[in-house]
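No lab work stands behind these numbers, since they all come straight from the coordinates. All figures in this text were calculated on a predicted structure; none of them were measured in a lab. Ideal geometry is used to build each Cβ from the backbone, glycine not excepted, and the neighbour counts take in all protein chains shown.
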Amino acid sequence: MLELRYNPLTDEWIIVSAETQKRPVQPSQQSCPICVGGVELPEEYDLVSFENRFPALKRNPPQVSSESDIFMKERSFGICEVVVYTSKHDVALPGMPLRQIEKLVEMWVDRTVELFSHEFVEYVFIFENRGKEVGASLSHPHGQIYAFPFLPKRILAKVEAFSKWHAQRGSCPVCDVVAEEVKIKKRVVFETGSFVSLVPFYARFPFEVHVYPKRHVTSLPELTSQERAELAKHLKIITLKYDGLYGQEFPYMMMFFQAPMKRLDAELFHLHVEFNPPKRDKDKIKWMASVETGTWAFINPMVPEQAAEMLRKVEVNEL
Amino acid sequence: MKVLDNEVSKFFENPLQDAGFSLKKIDSKNAVVVKLRRSDEKPFEILRCNRISCWSFSERSLKHVFMENDTLVGFAGFEEVRIEEDAEQVAVFAKPLVEAFIVIVRGPDKLNMLKAFYEVLWNECNFPTKIPKSLLMEDSFDETLDRRSAFLLLSSNEEDEVKRYLKKGVRVAVKLESWGELQRFYNVGVRCFLLNDFKDEYRERYADCFFILQKANVASALARVDGLIVNVKEFSLEEIVLASLVNRLLPLYVSVERFDSKLLDVLGFGAFGWRRCTNSIFTRIERERERIYEISYVSESNVPGRVWIDVSKDSPEWFFEQSETRLRKQTVEREDGRYFHFYREGVS
């Protein structure tokens, strides 16, 4: 079964996909489906993005009909891609050569442009789940892209917040935050000419980091070559600092928030990357429990300024 | 300027009450939306303005917006649009379709008022966004390159050719001489049609079709059809830039005559006889200075570019960026129909 079901209690679409239940869980390197010679990628490759064998959304989804005007359904149009960062199984973003991450950024740019060109795509969401704590099913370095046929609820909340801020102040909230943060520095983790990585004033997770371009750009393709290279550097530095924090592989959810480009108010949006790591200490997890899941209200047990200081102190080689 | 026989300023003051329309203020856009419903009346006057001080597009089908000083009045959802002009005044007469809108916007300049107008139509009046396509003639159509991204345009007296191309899996558009031909070509598999007029009942019957109108006012075509063929060869560069704002809601199909296709492509016009290359949803238009527009876009090789349009000059100025990391992409379709995109370093 593959379909969208409408929830009138929250005005949102839920993706029902029995296919995803079949996904493999943490196979060994010998049986890794995305290593060279694996079931998905028998050929040599450098980077590759391919349509998921167990997708939540499909370019040709099955026909559906609503049960009634209360229980409404839509076809699950969309594309779910697996983005393989490298053919090497035993590295992760922090261990990858910077050049490889630069190529990865270029690949994300191309995927964004191509996926947005499909008529049924309203939003392109690039993400990575690292570690079993956040449900990663393969240890081979990879991320995913969901090309949605609708605007997911949290994206819509962001779009509306940008619009409200602009109506009230005539500016962009990220531009305003960046201008202030680079002045006061206390939450900044890493800064270059075009980007700043920081623990936001409004962090929801203990070691949450946001990567903001200093210039107002709405999406990855708008970044210049120089900015793309700097973004790659920030991704490497932040993930290195995460691994260095407790001397262990640090699980995280990495999410790219680009503008919903087909909306006419897309230019108000400011591209940004969010790292949401679930750890609150070396061996303690900050779970998404009832309050967070049920209300979207977060209780952060870590003062953001303290988290920023801890991450700043983790020394990594400037690349 | 007068809207529905009232001075436009009145719409921003006390809410006007009238049995014939409802009114909504959009404070964030400094705009007012007047909503009218279909009536059995004849076309009536919706706008009157001073001919000398008022600006509108020079192309008749684009005369759905009128500006005077800091005020724009635009309309959508009307039929039988008639524009009467004398030496002193311009008057617009029209009749609401099912639901019609007159939007009044106040703003600092043409570009920002037009942007606000189309945003209000999209956001408040629920006019959906559209993606422009390429309509290519047989001599320029490349079956391997254009099969998935463009329509091959044929006339209705070329039925054998239509069938031959459809059999090859090519997306064909047919220019119809009459509505009677639609069902015949629909039955053989055509899904894109060029028409001289449009009837709403066909939208439901042919829900999976792509309709492009040849002669209509934007106000009548918005949200009803998928594109409108317009003649922009007499346009100034500034008019081209401003007209391009329509494209997100209703692609304007233009042929390349005076203007180079790259500029039209970047600005998101529908291609009539030329090939679209860039994804114009990434294009942004800003008013850089009094007489200069800056257009930023993402090129077909995924690098950002800029065009400067100085309205006092006749040619755009292009600025390119060179990518340092170029990837070569190879797309493979597996037996199960899934696409795999392989990337390696190197220029494609």
Reachable aspartates and glutamates from residue A:236, criterion Cα separation under 18 angstrom, eight or more residues apart if same chain: A:90, A:102, A:106, A:128, A:191, A:208, A:227, A:249, A:274, A:315, A:318
Top of A:60, A:300, A:52 by mean-square fluctuation, Gaussian network on chain A, Cα under 10 Å: A:60
Shielding by partners, peptide B:328-341 (average Cβ within 10 angstrom, other chains): 5
Paramagnetic reach from residue B:321 (point 7 Å along Cα→Cβ, amide N under 16 Å) across the range A:176-212: A:193-196, A:212
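What translational diffusion coefficient, to the nearest whole µm²/s, does the protein assembly as shown have by Stokes-Einstein, given a Kirkwood radius computed over alpha-carbon pairs, a temperature of 37 °C and 0.692 mPa s viscosity?
121 µm²/s
Report, in debye and to the nearest 20, how large the dipole of chain B comes out about its Cα centre when Lys and Arg carry +1 and Asp and Glu carry -1 on their Cβ.
Values: 53 positive and 58 negative charges, 188 e Å.
Here chain B has a charge dipole of around 900 debye.
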Pair residue B:345, residue B:197: separation of 7 Å Cα→Cβ label points (nm): 6.4 nm
Taking A:271, A:98 and counting other C-beta atoms within 10 Å, the order from fewest to most: A:98, A:271
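Counting DSSP beta bridges with both partners in the protein assembly as shown, what percentage is antiparallel, nearest 5? Mind dumping the intermediate values first?
Values: 112 of 135 bridges.
Within the protein assembly as shown, antiparallel bridges account for around 85 percent of the total.
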Listed residues B:33, B:83, B:69: farthest to the positive end of the dipole of the range B:2-123 (Cβ charges): B:33
Amide N proximity, the range A:293-308 versus residue A:184 label position 7 Å along Cα-to-Cβ, cut-off under 16 Å: A:303-308
Antiparallel bridges, percent of DSSP beta bridges restricted to chain B (to nearest 5): 75 percent
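Give me A:142, A:166 ranked fewest to most by other Cβ atoms within 10 Å of their Cβ, as a rough exposure proxy. Walk me through the numbers on the way to the answer.
On the way: A:142 20, A:166 16.
The most exposed by this proxy come first: A:166, A:142.
Taking the Cα centre of the range B:2-123 as origin, sum charge times position over the Cβ atoms of Lys and Arg (+1) and Asp and Glu (-1), and report the length of that vector in debye to the nearest 20. Working shown, then result.
On the way: 18 positive and 20 negative charges, 69 e Å.
Dipole about the Cα centre, nearest 20: 340 debye.
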Kirkwood Rh (inverse of mean 1/r, distinct Cα pairs), chain B, angstrom: 22.0 Å
Lysines whose Cα lies under 23 Å from that of residue B:313, excluding same-chain neighbours fewer than 8 positions away: B:110, B:233, B:262
Between the range A:249-294 and the range B:195-218, the alpha-carbon center distance in angstrom: 43 Å
Listed residue (B:217, B:277, B:169) projecting farthest to the positive dipole end of the range B:135-317, Cβ model: B:169
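First measure r as the distance between the Cβ atoms of residue B:13 and residue A:7, then evaluate 1/(1 + (r/R0)^6) with R0 = 35 Å and state the FRET efficiency to the nearest 0.05. Show your work: numbers first, answer last.
Details: r = 42 Å, r/R0 = 1.20.
Efficiency computed from Cβ-Cβ geometry: 0.25.
For the residues B:295, B:52, what sequence is obtained by ranking on other C-beta atoms within 10 Å, fewest first?
Values: B:295 21, B:52 10.
If I rank by nearby Cβ atoms, fewest first, I get B:52, B:295.
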Signed unit charges on C-beta, dipole axis of the protein assembly as shown, positive-most listed residue A:207, A:285, B:116: A:285
Cβ-derived FRET efficiency at R0 45 Å, residue B:161 paired with residue A:43, nearest 0.05: 0.65
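Please quote Rg/Rh for the range A:39-172 to two decimal places, taking the Kirkwood radius as Rh and restricting both calculations to Cα atoms.
Values: Rg = 17.9 Å, Rh = 17.2 Å.
Here Rg/Rh amounts to 1.04.
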Expected 222 nm ellipticity per residue - DSSP helices of 4 or more, -39500 (n - 2.57), all of chain A, to 500: -8500 deg cm²/dmol
Hits among aspartates and glutamates - C-alpha to C-alpha of residue B:175 under 16 Å, sequence gap 8 or more where chains match: B:138, B:158, B:159, B:160, B:161, B:197, B:226
For the range B:105-242, size of Cβ-based charge dipole, Lys and Arg +1, Asp and Glu -1, in debye: 360 debye
Helical segments meeting 18 Å axial Cα length and Kyte-Doolittle 1.6 threshold in chain A (DSSP H): none
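Just counting partner chain Cβ atoms within 10 Å, what average do the residues of peptide B:270-283 show around their Cβ? Display every interim value, and only then the final one.
Values: counts 0, 0, 0, 0, 0, 0, 0, 0, 1, 7, 1, 11, 11, 1.
Across the residues of B:270-283, the mean count of other-chain Cβ atoms within 10 Å is 2.
Calculate for chain B the 222 nm mean residue ellipticity that helices alone would give, adding -39,500 (n - 2.57) per DSSP H run of length 4 or more and normalising by residue count, nearest 500 deg cm²/dmol.
On the way: 9 runs with 63 residues, N = 348.
Result for chain B, helices only: -4500 deg cm²/dmol.
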Full-stretch length increase - residue B:233, residue B:69 - with 0.36 nm per residue and alpha-carbon distance subtracted: 56.4 nm
Pairwise label distance in nanometres, residue B:284 with residue B:334, each label 7 Å out on the Cα-Cβ vector: 3.8 nm
Within the range B:135-317, percent of DSSP bridges classed antiparallel, to nearest 5: 40 percent
Inter-probe distance in nm under a simple model that places probes 7 Å from Cα toward Cβ, at residue A:161 and residue A:99: 3.9 nm
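Just counting partner chain Cβ atoms within 10 Å, what average do the residues of peptide B:113-123 show around their Cβ?
On the way: counts 0, 0, 3, 1, 0, 1, 4, 1, 1, 4, 4.
Partner-chain Cβ atoms within 10 Å, mean over residues of B:113-123: 2.
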Within the range B:162-184, backbone nitrogen closer than 18 Å to the virtual label 7 Å beyond the Cα of residue B:215 toward Cβ: B:175-181
Whole-angstrom gap from the range B:124-164 to the range A:121-163, using each part's C-alpha centre: 34 Å
GluC sites (Glu not before Pro) lying in DSSP loop within the range A:231-319, provided at most 16 other Cβ fall within 10 Å: A:249, A:315, A:318
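How compact is the range B:2-123 by the rule of thumb for globular proteins, expressed as Cα Rg over 2.2 N^0.38 Å? Please report the intermediate quantities before stating the final value.
Values: Rg = 13.4 Å, N = 122, 2.2 N^0.38 = 13.7 Å.
Normalised Cα radius of gyration, the range B:2-123: 0.98.
Rounded to the nearest whole Å³, what is the per residue volume of the convex hull around the Cα atoms of the range B:213-270? All intermediate terms of the calculation are to be shown ahead of the outcome.
Values: hull volume 4.2 nm³, N = 58.
Roughly 73 Å³ of hull volume per residue.
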Along each principal axis, Cα extent of the range B:135-317, largest first, Å: 53, 36, 25
